[in-house]
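Undergrad: Structure incoming, see below.
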Amino acid sequence: MENLVYLFSCFLSCVIVAGLMFQFMGDRYEKAFVNPWVYRIAAAAAVVIVTLVNLKHNTWWNMAANFLVFGIASFIFYEDKSGRRYWRVLELECFFMMVALFEGIGVFGIDLLMDKLSLMPGDMVIRNSIEVAFSKLVLIFFYYALMRRLWKKDYRQSRTQVILYLVMFLYSIVNFIILATAVTRKADYFLLCANLCCIVFANLYLFYSLKVEDDKNSMEFQIAMIKQQESMQFEHYERQREKYGKSIEVLHDVSKHLRSIEELYKAGMTDKAMEYTRQIGGILKPLVP
């Protein structure tokens, strides 16, 4: 039973990490293939491979497997305008280091909290499972509330959404405290797995739903800006069209004025011709632009 719980914890961890890694690549780069099943199968294969490697209990093997699997996924399944594939892989590996950092913060935080509240489980399986689940909770929170802003420039969040993130995160911490209190009295592995799964995936679903809403709001904002720009361009065009019409009218009248000046010169009325010329100069000033 303990091995089954550990396998579940590894699988849960890999599902969350793989999901965020592929989401990062989707936000950051263009997809090389149109068929969405290509990416679903690739993500599932990444989860299986990384989970099997994690069962070896070797930190270096785990890091190498994650670097290799997600690096290959970035190299093959995604592309960008610059065409720098190797730089894209390096960027992805840096993001994975950020993921590992926030996971470490989550493990340290829950251990410190349980130690201060004297709720540290004596069963290492339960303790490791809680650490894994809480670290993923911290990772999900920081990814959607903070990290995604760094590379998605059009990512828009309202203050209400940020507060909702924080409230859900604090609510989940309370759930973990209650769960730790329950399991210190009785090691119910099934209850542990069910609670961890519900808490983590509830947070993931909430944050992903808000992410979709953020993307929708961002798209609507861009559409509104485009419509406003089109309206301004149309108004500018209408003004230019009116100016053009007036210019045509003035130019049409100028030909008549020129004939009048010519007749004045022929009649020897030079002074009147000069005065007429100055008047025409005033008429032509609007055409200077």
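No lab work stands behind these numbers, since they all come straight from the coordinates. These figures come from a predicted structure and were not determined experimentally. Every residue, glycine among them, receives a Cβ derived from its backbone with ideal geometry; neighbour counts consider all protein chains shown.
Undergrad: What translational diffusion coefficient, in µm²/s and rounded to a whole number, does the Stokes-Einstein relation yield for the stretch 1-51 at 10 °C and a viscosity of 1.306 mPa s, taking the hydrodynamic radius as the Kirkwood radius over Cα pairs?
TA: Details: Rh = 11.9 Å.
It comes out at roughly 133 µm²/s.
Undergrad: Okay, moving on. Equivalent-ellipsoid semi-axes (√(5λ), Cα gyration tensor) for the stretch 1-108, whole Å, largest first?
TA: Semi-axes (√(5λ), whole Å): 25, 16, 11.
Undergrad: Additional query: As a quick test, which of the pairs LYS31/LYS136; LYS56/LYS81; LYS81/LYS243; LYS246/LYS272 have an alpha carbon distance above 31 angstrom in this structure? The partial results should precede the final answer.
TA: Values: LYS31/LYS136 26 Å; LYS56/LYS81 39 Å; LYS81/LYS243 42 Å; LYS246/LYS272 27 Å.
Beyond 31 Å: LYS56/LYS81; LYS81/LYS243.
Undergrad: Once you sort the root eigenvalues of the Cα gyration tensor of the stretch 38-87 as a ≥ b ≥ c, which label holds: rounded (a/c under 1.5), prolate (a/b larger than b/c) or oblate (the other case)?
TA: Numbers: a/c = 5.69, a/b = 1.72, b/c = 3.31.
Cα axes put the stretch 38-87 in the oblate bin.
Undergrad: Here is a further query. Can you give the net charge of the other residues whose Cβ lies under 15 Å from the Cβ of ARG85, counting K and R as +1 and D and E as -1?
TA: Working: positive: ARG28, LYS31, LYS81, ARG84, ARG88; negative: GLU30, GLU79, ASP80, GLU91, GLU93.
Net of charged neighbours comes to 0.
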